[in-house]
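A.B. asks: Here's a structure for you.
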Amino acid sequence: MPVAESRPAPAPAVGIRAQGLTKRYGGIAAVHDLSFTANPGVVTGFLGPNGAGKSTAMRMLLGLTRPTQGTITIGGRHITGFDDPVRTVGALLDARAVHPRRTAADHLLAFAQTAGLGKKRVGEVLDLVGLTDAAARRTGGFSLGMHQRLGIATALLGDPGVLVLDEPLNGLDPGGIRWMRTLMRDLAAQGRTILFSSHLMSEMELTADDLVVIGQGRLLAESTLEEFVQAQTTQTVTVRSPALDELASALSRAGITFDRAAGPSLQVTGADAATIGKIAATEGLALGELAPVRESLEDVFLRLTHDAAEHESRAA
């Protein structure tokens, strides 16, 4: 019987939920009592230093590793409970897990036939990831970036409602990174659930809506990206004025803390820009600069994971 050539209907939007997830290898807990949610319609960044347990958690989500305790489900069901999981969840864990003598098209066709899909869908995903011209090439000659695109094409074959991507930006050039960022955001805008890990903090900051941050297998933070940065930083505003001494006196009278910096300028930590501007206007003082200073996601992430590691080492 010929394989149907129709494009699969997208799976309904469902989320990911981990509850009390634990995985031990002997006496070592790779993941410990981890609970988090990745919701439909947003891109969820999964962050943690090397060895934090991200890949182990993703493997448990995909049914490749059995939890010691706890559950991780998709739409309330374990992945093994779906009759057609390829239409529910697509995954990229190891972009180089491809037979080197197979062509890109044959690699995808093998997966497509297993899932009841046909050649038409193979052509669609090759075009989507920009590998149409390389479809007949053997994958043993692919660059890491081309392997990543092929892995993403494999994940998208079933047009799933959930995508789990482990380091999908590795090996991509700047154009490829921008393409991947746009793809994830477009798929989320369609109502899909996107969970991806990356060590590229600048891209995580541009791509993710929500964050799940883990360290040494434990949850450190779960929130929107903006809330995460705000919660982990002290608000600072740089202020310059031709009447800096008068402004400093006015801020002191209002009980607002600040430090003098080069420039000359003030680094205000006790109020936001709107409050400072209102005080300056009330005093009739001109301002040359009034700029909130925001730490980068990278700065916050490195400090948080370092503090967690230091706490764990002291407690050991």
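A.B. asks: If one computes the Cα centroid of region 134-213 and of region 71-94, what distance in Å separates the two points?
C.D. replies: With region 134-213 and region 71-94 each reduced to a Cα centre, they are spaced 18 Å.
A.B. asks: Once amide H atoms are placed 1.01 Å from N in the peptide plane, what residues at a sequence separation of 5 or more from S265, or on another chain, have their amide H within under 5 Å of its amide H?
C.D. replies: none
A.B. asks: Further question: Using the alpha-carbon atoms, what tilt in degrees (0 to 90, nearest 10) does helix 174-189 show relative to the longest principal axis of the chain?
C.D. replies: 80 degrees
A.B. asks: Taking 0.36 nm per intervening residue step and subtracting the Cα-Cα distance, what contour gain separates D133 from D94 on full extension? Before the final figure, lay out the partial values.
C.D. replies: Values: separation 39, 0.36 × 39 = 14.04 nm, distance 2.27 nm.
Difference between extended and current length: 11.8 nm.
A.B. asks: Next question, about the same structure. T282 label point, 7 Å along Cα→Cβ, cut-off 16 Å on backbone N: hits in region 242-271?
C.D. replies: 246-257, 270-271, by backbone N distance to the label point.
A.B. asks: Relative to the present Cα-Cα distance, how much length would full extension add between Q19 and A262 at 0.36 nm per residue of separation?
C.D. replies: On the way: separation 243, 0.36 × 243 = 87.48 nm, distance 4.96 nm.
Value of the extension gain: 82.5 nm.
A.B. asks: Per residue of region 100-105, what does 6.51 cos²θ - 1.76 cosθ + 1.60 with θ = phi - 60° give for ³J(HN,Hα)? Whole Hz please, x for Gly and Pro, Karplus curve as stated.
C.D. replies: Using θ = phi - 60°, the values come out as x, 8, 7, 6, 4, 5 Hz.
A.B. asks: Nearest 10 degrees is fine. How inclined is helix 297-315 to the longest principal axis of the chain, computing both from alpha carbons?
C.D. replies: It works out to around 90 degrees.
A.B. asks: Translational D (Stokes-Einstein, µm²/s) of region 16-222 at 20 °C and 1.002 mPa s when Rh comes from the Kirkwood sum over C-alpha pairs? The partial results should precede the final answer.
C.D. replies: Working: Rh = 17.3 Å.
Stokes-Einstein gives a translational diffusion coefficient of 124 µm²/s.
A.B. asks: Once you have the Cα-Cα distance between R253 and V293, take 0.36 nm times their residue separation minus that, and quote the gain in nm to one decimal. Kindly include the intermediate steps, with their values, before the conclusion.
C.D. replies: Working: separation 40, 0.36 × 40 = 14.40 nm, distance 2.31 nm.
Contour length minus the Cα-Cα distance gives 12.1 nm.
A.B. asks: Could you list which residues have their amide H under 5 Å from that of G215, counting only those 5 or more apart in sequence or on another chain, with H placed in the peptide plane?
C.D. replies: Those qualifying (amide H under 5 Å, at least 5 residues apart or on another chain) are L220.
A.B. asks: Can you return the aspartates and glutamates within cross-link range of K119? Criterion is Cα-Cα under 15 Å, with same-chain partners fewer than 8 residues away left out.
C.D. replies: Output for K119: E5, D106, D127, D159.
A.B. asks: Return the single residue from I28, I152, I74 with maximal mean-square fluctuation; model: Gaussian network over the chain, springs between Cα atoms under 10 Å.
C.D. replies: I28
A.B. asks: Step through the residues of region 137-145 one at a time and calculate ³J(HN,Hα) from phi using the Karplus curve (6.51 cos²θ - 1.76 cosθ + 1.60, θ = phi - 60°), rounding each to whole Hz and writing x for Gly and Pro.
C.D. replies: 8, 6, 6, x, x, 7, 6, 4, x
A.B. asks: Here's something else I'd like to know. Region 33-137: which trypsin sites (Lys or Arg not before Pro) are DSSP loop and have at most 12 other beta-carbon atoms within 10 angstrom? Don't jump to the answer; show the numbers that get you there.
C.D. replies: Working: sites: K54, R59, R77, R87, R96, R101, R102, K119, K120, R121, R137; in loops: R96, R101, R102, R137.
Hits after loop and neighbour filter: R101.
A.B. asks: Hey, what do the phi angles of region 154-171 turn into as Karplus ³J(HN,Hα) couplings, whole Hz, using 6.51/-1.76/1.60 and θ = phi - 60°, x for Gly and Pro?
C.D. replies: Values per residue, Gly and Pro as x: 4, 5, 8, 3, x, 6, x, x, 10, 10, 10, 10, 9, 6, x, 8, 4, x Hz.
A.B. asks: 5 Å is the cut-off here: which amide hydrogens, built 1.01 Å from N in the peptide plane, fall below it relative to L165, excluding neighbours closer than 5 in sequence?
C.D. replies: Under 5 Å from the amide H of L165 lie the amide H atoms of L92, L195, F196, S197, each far enough along the sequence or on another chain.
Any read-out appearing in this document is the output of simple, stated calculations on the displayed coordinates, not a laboratory observation. All of these numbers come straight from a predicted model, not from anything done at the bench. Cβ: placed from backbone, ideal geometry, glycine included. Neighbour counts: every protein chain shown.
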